[in-house]
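A.B. asks: Here you go, one structure.
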Amino acid sequence: QAREQALVNDHIARIQARVRSKVRVPPDITGNPEALYEVLLLPGGDVLEARLKKSSGVPAYDDAVRRAIMVASPLPVPSDPDLFQRYFRKFNLSFRPKE
């Protein structure tokens, strides 16, 4: 159980790093607002949909994160189909510009 959770956390960290590398943060952001997305993936890691669940309050940042999620496709997902289905078919990603 702990090993499986460590594997899931590792893949989520890789996904966040890949998306974060593609985000172009607008220069006028103040503070560290959070944007929360629900991401729907195909088995190969291709992004089918990225839906905004909680806005950061800065529409330009929300749009930049959504574009970055789409551009980062395919995302790194585990090769185990059961693990993918349970944790990565539909999951939440949270982003803050200063993290």
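The values are calculated or read from the model by the stated rules, or taken from the named source; none is laboratory data. Being a predicted model, the structure only gives us computed values, none of them experimental. Cβ atoms come from the backbone with ideal geometry, glycine included; neighbour counts cover every protein chain shown. Side chains included, ligands, DNA and RNA excluded: accessible areas come from the protein's heavy atoms. Shrake-Rupley method; radii C 1.70, N 1.55, O 1.52, S 1.80 Å.
A.B. asks: How many of the residues in region 26-49 are in a strand (DSSP E or B) and either among the hydroxyl-bearing types (Ser, Thr, Tyr) or open to solvent by 60 Å² or more (accessible area, probe 1.4 Å) (or both)?
C.D. replies: In the first step, residues of region 26-49 are kept if they are in a strand (DSSP E or B); the result is 35-41, 47-49.
Then keep just the ones that are either among the hydroxyl-bearing types (Ser, Thr, Tyr) or open to solvent by 60 Å² or more (accessible area, probe 1.4 Å) (or both); that gives 37, 48-49.
So the count comes out to 3.
A.B. asks: What residue, among those in region 77-99 that are assigned to a loop (DSSP other than H, G, I, E, B) and in contact with a Phe, Trp or Tyr (Cβ under 9 Å, 6 or more places away or on another chain), is farthest from Glu4 (Cα to Cα)?
C.D. replies: Restricting attention to region 77-99, the residues satisfying the condition of being assigned to a loop (DSSP other than H, G, I, E, B) are 77-80, 88-89, 96-99.
Restricting the remaining residues to those that are in contact with a Phe, Trp or Tyr (Cβ under 9 Å, 6 or more places away or on another chain) gives 77-78, 97.
Details: Val77: 13, Pro78: 11, Pro97: 29 Å.
Looking at the filtered set, the residue picked out is Pro97.
A.B. asks: Next question, about the same structure. Output the number of the condition that Leu41 fails; it satisfies all remaining conditions of (1) hydrophobic (A, V, I, L, M, F, W, C); (2) in contact with a helix residue (DSSP H, G or I) (Cβ under 6 Å, 6 or more places away or on another chain); (3) under 18 Å from Asp82 (Cα atoms).
C.D. replies: Failing condition for Leu41: (2).
Conditions (1) of a type outside the set (A, V, I, L, M); (2) more than 11 Å from the chain's Cα centre (by Cα); (3) under 15 Å from His11 (Cα atoms), marked per residue:
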| position | (1), (2), (3) |
| --- | --- |
| Glu34 | yes, yes, no |
| Leu41 | no, no, yes |
| Arg66 | yes, no, no |
| Met70 | no, no, no |
| Pro81 | yes, yes, yes |
| Arg86 | yes, yes, yes |
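A.B. asks: Still on this structure: Return the residues of region 50-75 that are without any contact (Cβ under 8 Å) to a residue 12 or more places away in the chain and either hydroxyl-bearing (Ser, Thr, Tyr) or surrounded by fewer than 13 Cβ atoms within 10 Å (Cβ to Cβ) (or both); say none if nothing qualifies.
C.D. replies: Matches in region 50-75: Pro59 only.
A.B. asks: Step by step: first the residues of region 57-74, then only those that are modelled with pLDDT of 95 or more and part of a loop (DSSP other than H, G, I, E, B), then the one that is farthest from Gln1 (Cα to Cα). Which residue is that?
C.D. replies: My answer is Ala72.
A.B. asks: Scanning region 1-25 for residues that are among the small types (Gly, Ala, Ser) and not in a loop (DSSP other than H, G, I, E, B), which turns out farthest from Asp62 (Cα to Cα)? If you could, list the steps in order and put the result at the bottom.
C.D. replies: Kept after step one, since they are among the small types (Gly, Ala, Ser), are these residues of region 1-25: 2, 6, 13, 17, 21.
With the extra rule that they be not in a loop (DSSP other than H, G, I, E, B), the set shrinks to 2, 6, 13, 17.
Details: Ala2: 33, Ala6: 29, Ala13: 20, Ala17: 17 Å.
This residue is Ala2.
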